[in-house]
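Inspection log for the structure reproduced underneath, given as structure tokens.
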Amino acid sequence: MSAPSDAQRMEKIVSLCKRRGFIFQSSEIYGGLNGLWDYGPLGVELKRNLKNYWWRVTVHERDDVVGLDGSILTHPAVLKASGHVEGFSDPMIDCRTCKAHLRLDQLVEKKGIKQCPSCGGKDLTEARQFNLMFETHVGAAADESSIAYLRPETAQSIFVQFKNVLEVSRKKLPFGIAQIGKAFRNEINPRNFTFRSREFEQMELEYFCRPEQGMELLEYWREERLKFYESIGISRANLHVRNVPDEERAFYSKGTYDIEYDFPFGRHELEGVAYRTDYDLSQHQKASGKSLEYFDEETKEKLIPHVVEPSAGVDRTLLALICEGYAEDQAPNDKGEMETRTVLRFHPRIAPIKCAIFPLLKNKEPLVVKAKEIVQLLRPHMTVFYDESGAIGRRYRRQDEIGTPFGVTVDFETLGERDAALRDTVTLRDRDSMKQKRVAIKDLVETLTPRIR
């Protein structure tokens, strides 16, 4: 069952992303480059928070996973052994009517006739294979001997460096190697905002194990990944696990799950969790002539480990976070009148800015001084934003729209002008409930830190 599409909601999300500095079209002033995106000041913070939290959960909080950062430029022999040079392609069709380039599976069928989804044209070319990898040359010569590729996935550098990582980390099976990095695919038809792009980032784990552990670990990592998405604020109700049928799986996979999310443009894959058996290490051992075996010191047995791979897209997850958080509700303005409020309900640990600090009036110097002191107090512990421009209600709305979970207002009570008992206290506002309470300045770090971490 696929989720219904909500084009109007998606249009609002795309507009907000540009207006508030989350995501921009790459090279926009030159007309843009299709399938490529730049992350603005807020987008880069959201992305960094997501990656840092994935790394913390996947690597730092576990004893059985270490990290790697492989190169983007990839030796052609690596991708030939993995099957990418020969088999990493999509069937491509051209519509002669509107000149659209399409993947074969994008065609629509009406009354048994294949048609172009853009114009409904039936004058289509024959299908041809289109390799998705970006090819380049390394060195001064531009011939076959200098060919290299921008990696289409991060996994292969992990397999190629398996033995080196094993020797230096001294891990025993089962253990994993994690990596976050850029990958590149020359998509025929990039679409759905940042969901399908030509340059994207992956958060990938190769978890090596004994053959008899593979299916059990496939189930384990499926549940771990669902827990992760819930921990960053994505509702389980919007997540779906699809057991990929035999005819759709890679021939070497004994089991694959797709974790899907209900985007406004429909239900689509966020992450794949695949049991890849020993295919990758076996292929690279055969092609390179170098041993990639694991030696068990207890049993004195040599074996090529099997692997379970949870592979998530950074950009897709970030888009899911924005779609999940986007909401509109009613809130009073400065005059007490109800109006529509746009809010991004990010989980505090993922939000780009954790706390905004406002002096009630910018022309009252003691308020400004105290507010800036609070900025310096909080800055070592979290990302903060100082704003003194406009009415306080308008400032709240601006922060709601970018997902800032907490706001601190320095007012006359802070100065003790109206009640000496409230001196050095501030108003702490919650984004979601819009409720406010008085908190002592000295208690702000202790109050906020557990809620954002």
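The one condition from (1) of a type in the set (G, A, S); (2) surrounded by fewer than 20 Cβ atoms within 10 Å (Cβ to Cβ); (3) touching a residue at least 24 places away in the same chain (Cβ under 8 Å) that A237 does not meet is (3).
Pairs meeting the criteria (first residue in the range 124-138 and touching a residue at least 60 places away in the same chain (Cβ under 8 Å), second residue aromatic (F, W, Y) and loosely packed, with under 15 Cβ neighbours inside 10 Å, beta carbons under 6 Å, at least 6 apart or on different chains) are lacking.
If you go through the range 296-310 and keep only what is in contact with a Ser or Thr (Cβ under 8 Å, 6 or more places away or on another chain) and in a strand (DSSP E or B), you end up with H306, V307.
When the strands (runs of 3 or more DSSP E) confined to the range 80-133 are screened for residues that are touching a His at 6+ places or on another chain (Cβ under 7 Å) and surrounded by 15 or more Cβ atoms within 10 Å (Cβ to Cβ), those reaching at least 2 such residues are found at 89-94. With respect to the conditions (1) surrounded by fewer than 18 Cβ atoms within 10 Å (Cβ to Cβ); (2) within 30 Å of E298 (Cα to Cα), L218 lacks only one, and its number is (1).
Do you know which of the residues in the range 404-436 that are among the small types (G, A, S) and open to solvent by 20 Å² or more (accessible area, probe 1.4 Å) is modelled with the highest pLDDT? Let's see the steps before the verdict.
Going residue by residue through the range 404-436, those that are among the small types (G, A, S) are 407, 416, 420-421, 433.
Next, from what is left, pick out any that are open to solvent by 20 Å² or more (accessible area, probe 1.4 Å): 420-421, 433.
Values: A420: 85, A421: 83, S433: 93.
So, considering only residues that are among the small types (G, A, S) and open to solvent by 20 Å² or more (accessible area, probe 1.4 Å), the one modelled with the highest pLDDT is S433.
The helices (runs of 4 or more DSSP H) located wholly in the range 149-240 that include 1 or more residues which are among the charged types (D, E, K, R) occupy 162-169, 214-231.
With respect to C17, is the statement that it is under 25 Å from F195 (Cβ atoms) and more than 27 Å from the chain's Cα centre (by Cα) true? So C17 does not fit the description; no.
Restricting the range 413-451 to residues that are more than 23 Å from A331 (Cβ to Cβ) and hydrophobic (A, V, I, L, M, F, W, C) leaves a set whose member that is nearest to the chain's Cα centre (by Cα) is V445. Reported count of residues in the range 281-334, each being more than 30 Å from V14 (Cβ to Cβ) and among the hydroxyl-bearing types (S, T, Y), is 5. Only residues that are surrounded by fewer than 14 Cβ atoms within 10 Å (Cβ to Cβ) and either out of contact with any helix residue (DSSP H, G or I) (no Cβ under 9 Å at 6 or more places or on another chain) or hydrophobic (A, V, I, L, M, F, W, C) (or both) were counted across the range 381-399, and they come to 2.
Looking across the range 221-234, the residues that are touching a residue at least 12 places away in the same chain (Cβ under 8 Å) and farther than 21 Å from P348 by Cα come down to W221, R222. When only residues in the range 145-164 that are surrounded by fewer than 20 Cβ atoms within 10 Å (Cβ to Cβ) and hydrophobic (A, V, I, L, M, F, W, C) count, which is nearest to E61 (Cα to Cα)? Restricting to residues being surrounded by fewer than 20 Cβ atoms within 10 Å (Cβ to Cβ) and hydrophobic (A, V, I, L, M, F, W, C), the top hit is L150.
Tell me, please, whether a residue that is more than 35 Å from the chain's Cα centre (by Cα) and of a type in the set (F, W, Y) can be found in the range 356-372. Step through it out loud before you land on a result.
Quick first cut of the range 356-372, residues more than 35 Å from the chain's Cα centre (by Cα) only: 360-370.
From the residues that got through so far, the ones that are of a type in the set (F, W, Y) too are none.
No; the residues of the range 356-372 include none that is more than 35 Å from the chain's Cα centre (by Cα) and of a type in the set (F, W, Y).
The set of residues from the range 202-215 being surrounded by 20 or more Cβ atoms within 10 Å (Cβ to Cβ) and more than 29 Å from N52 (Cβ to Cβ) comprises just one member, G214.
Count of the range 320-378 residues, restricted to those that are open to solvent by 10 Å² or more (accessible area, probe 1.4 Å), assigned to a loop (DSSP other than H, G, I, E, B) and under 30 Å from Y53 (Cα atoms), is 6.
Residue under question is V44, and the condition is that it be of a type in the set (V, I, T), part of a helix (DSSP H, G or I) and out of contact with any Gly (no Cβ under 7 Å at 6 or more places or on another chain); does it hold?
Details: of a type in the set (V, I, T): yes; part of a helix (DSSP H, G or I): yes; out of contact with any Gly (no Cβ under 7 Å at 6 or more places or on another chain): yes.
Answer is yes for this residue.
Restricting attention to the range 247-295 and to residues that are in contact (Cβ under 8 Å) with a residue 60 or more places away in the chain, among the charged types (D, E, K, R) and not in a strand (DSSP E or B), the residue that is least open to solvent (accessible area, probe 1.4 Å) turns out to be D280.
Looking only at residues of the range 134-144 that are closer than 18 Å to F184 by Cβ and hydrophobic (A, V, I, L, M, F, W, C), we find that the one that is most open to solvent (accessible area, probe 1.4 Å) is V138. Which of the residues spanning the range 26-35 are on the phi < 0 side of the Ramachandran plot, open to solvent by 60 Å² or more (accessible area, probe 1.4 Å) and not hydrophobic (A, V, I, L, M, F, W, C)? Listed by number, the residues that qualify are E28, Y30, N34.
Per this entry, V59 is not counted among residues that are open to solvent by less than 60 Å² (accessible area, probe 1.4 Å) and closer than 19 Å to V343 by Cβ. Within the range 429-453, residues that are closer than 22 Å to I402 by Cβ sit with their Cβ atoms under 7 Å from residues that are hydroxyl-bearing (S, T, Y) and in a helix (DSSP H, G or I), at 6+ positions apart or across chains, in these pairs: R429/Y396.
Rundown of residues vs (1) more than 23 Å from L270 (Cβ to Cβ); (2) open to solvent by 20 Å² or more (accessible area, probe 1.4 Å), yes/no style:
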| site | (1), (2) |
| --- | --- |
| I13 | no, no |
| G21 | yes, no |
| W37 | no, yes |
| G43 | no, no |
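The values are calculated or read from the model by the stated rules, or taken from the named source; none is laboratory data. Remember, predicted model here, so these are calculated numbers, not experimental data. For neighbour counting, all protein chains shown are included, and Cβ atoms are generated from backbone atoms with ideal geometry for every residue, glycine included. Ligands, DNA and RNA are excluded from the accessible area calculation, which covers all protein heavy atoms including side chains. Shrake-Rupley method; radii C 1.70, N 1.55, O 1.52, S 1.80 Å.
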